[in-house]
Amino acid sequence: MADATLRSIEDLVSVGLISDESGKGLAPVASRYAIALTPAVLDLIDPNDPNDPIAAQYLPTPAELTEHPAERDDPIGDRPHTPVEGIVHRYPDRVLLKLLHVCPVYCRFCFRREMVGPEGDGTLNAEQIGKALDYIRSDSRIWEVILTGGDPLILSPRRLRDVMLQLASIEHVKIVRIHSRVPVADPGRITEELLDALKSSGKSVYVALHANHAREMTENARAACARLIDAGITMVSQSVLLKGVNDDADTLADLMRAFVESRIKPYYLHHPDMAPGTGHFRLTIAEGQAIMRELRNRISGLCIPHYILDLPGGHGKVEAGHAALQEIEPNRYIILDRVGEEHVYPA
């Protein structure tokens, strides 16, 4: 197990995850999309398994340079809904607050892959954070603030506490939700100091854990989640339905049960977004629906997530069930968004 995060093709070669010859062909991928594997993630990968589901999530491949015509740099439309830097206001009662665009690990299917990483959109400075918080103060409809990015839990406890204390002063904000991979990717970061920072707002705090395979729910990851939950923080899950990682009911059942066993309520199972170079991860919607039907037949209702499609262009999330979708030709749909407008998917 490495004692530091791997951040380059050379690092991956040095620990035997890819060959030197393969590494030479990956230079164009590495120059466009960030690489990072923490020691905790590295320890989960079986280098002798060419189909390892953990490796598939994190190791760069030449397939990332193949783009589908419907893919786009901002697949779910963050930018059209950004009134000030760091805020995405797509739904009336909640906003995203993107404090940073850096992560402990970089998923190869990330929908913000053009925005995150050392060469991405960066970290908000104090002035930008101030303007973002002023925006939240100015709109009394905002009931929930979702800290995302990037991964907010890689910020120092001091910086997190500063933001949480400022949110504490905004009366109409009642919920703070944090989207993170940290309990899985770097569980040692969930310290008492961090927990104190998260609780300092006095708001109801939720952490949405991103994990896609039951093997990610290690003893250390479960212990990190237990520390959060025992501190009074509610946890829910979000996962992505990924070809070659979790695209069968048995694998998803194991993952959802692992969440529930860890006192985490399964919340979202995302259909992969139309991010550039991610087509090799995408199933058809019909395949996803079939997997969900099978999943419902074999596990407790406690374990069932919402199967979600985030419509391109910023039109929001829809349940990827039959009610909102009408197939007009193979793998092409008319979809009703949350306000009843029709969209063709893929566009």
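The values are calculated or read from the model by the stated rules, or taken from the named source; none is laboratory data. All figures in this text were calculated on a predicted structure; none of them were measured in a lab. Cβ atoms come from the backbone with ideal geometry, glycine included; neighbour counts cover every protein chain shown. Keep in mind that these areas ignore ligands, DNA and RNA; they rest on the heavy atoms of the full protein, side chains included. Shrake-Rupley method; radii C 1.70, N 1.55, O 1.52, S 1.80 Å.
Computed as a quarter of the hull surface, the mean projected area of the alpha carbon convex hull for the stretch 255-347 stands at 6.9 nm².
Relative to the globular-protein estimate of 2.2 N^0.38 Å, the Cα radius of gyration of the stretch 149-273 stands at 1.08.
Proximity of backbone amide H atoms, modeled 1.01 Å from N, is registered between Trp143 and Arg94 at under 5 Å, excluding neighbours fewer than 5 places apart on the same chain.
Accessible surface computed residue by residue for the chain, with neighbouring protein chains in place and a 1.4 Å probe, gives 42 Å² per residue.
Given the alternatives (1) 1.30; (2) 0.98; (3) 0.94, Rg/Rh (Cα atoms, Kirkwood Rh) as computed for this entry is given by (3).
Other residues whose C-beta falls under 11 angstrom from the C-beta of Leu155 contribute a net charge of +2, scoring Lys and Arg +1 and Asp and Glu -1.
Charges were assigned to the Cβ only: +1 to each Lys and Arg, -1 to each Asp and Glu. The resulting dipole of the chain about its Cα centre is roughly 1060 debye.
Highest mean packing first, where packing is the average number of other Cβ atoms within 10 Å per residue, the peptides 107-115, 259-267 line up as 107-115, 259-267. By DSSP, the beta bridges lying fully in the chain are antiparallel in about 35 percent of cases. Other residues whose C-beta falls under 14 angstrom from the C-beta of Ser262 contribute a net charge of +1, scoring Lys and Arg +1 and Asp and Glu -1. Taking the Cα centre of the stretch 1-95 as reference, the dipole from Cβ charges on Lys and Arg (+1) and Asp and Glu (-1) amounts to some 380 debye. Each of Pro53, Thr123, Gln166 was placed along the dipole of the chain (beta-carbon charges, centred on the mean Cα), and the one lying farthest toward the positive end is Gln166. Of the GluC sites (Glu not before Pro) found in the stretch 137-233, the ones in coil according to DSSP and having at most 16 other Cβ atoms within 10 Å of their Cβ are Glu171. Could you tell me what percent of the accessible area of the stretch 195-312 is made up of carbon and sulfur, with a 1.4 Å probe and every protein chain present? After summing per-atom areas, the C and S share lands at 47 percent. All other residues whose Cβ lies under 12 angstrom from that of Ala70 are scored, Lys and Arg at +1 and Asp and Glu at -1, for a net of 0. Here the stretch 172-324 is treated with +1 on each Lys and Arg Cβ and -1 on each Asp and Glu Cβ, and its dipole about the Cα centre works out to around 380 debye. With the charge dipole of the chain set up from +1 on Lys and Arg Cβ and -1 on Asp and Glu Cβ about the Cα centre, the Cα lying farthest toward the positive end among the listed residues His271, Leu153, Ile334 is that of Leu153. If you look at the Cα atoms of the stretch 190-347, you get an Rg and a Dmax of 17.2, 54 Å. Rounded if a/c is under 1.5, else prolate if a/b beats b/c, else oblate: with a ≥ b ≥ c from the C-alpha gyration tensor eigenvalues square-rooted, which is the stretch 58-193? It comes out oblate by the Cα gyration axes. Shape class for the stretch 237-308: prolate, because the ratio a/c of the largest to smallest gyration tensor axis (alpha-carbon atoms, square roots of eigenvalues) is 1.5 or more and a/b beats b/c. Taking the protein heavy atoms of the stretch 118-161 in the context of the full set of protein chains, the accessible area attributed to carbon and sulfur is 48 percent at 1.4 Å. Give the shape of the stretch 29-68 as rounded, prolate or oblate, defined through the alpha-carbon gyration tensor: a ≥ b ≥ c are the square roots of its eigenvalues, a/c under 1.5 means rounded, and otherwise the shape is prolate if a/b is larger than b/c and oblate if not. In terms of gyration-tensor shape, oblate. Ranking Leu228, Val245, Ser201 by Cα position along the charge dipole of the stretch 170-272, where only Lys, Arg, Asp and Glu carry charges on their C-beta atoms, puts Ser201 farthest toward the positive end.
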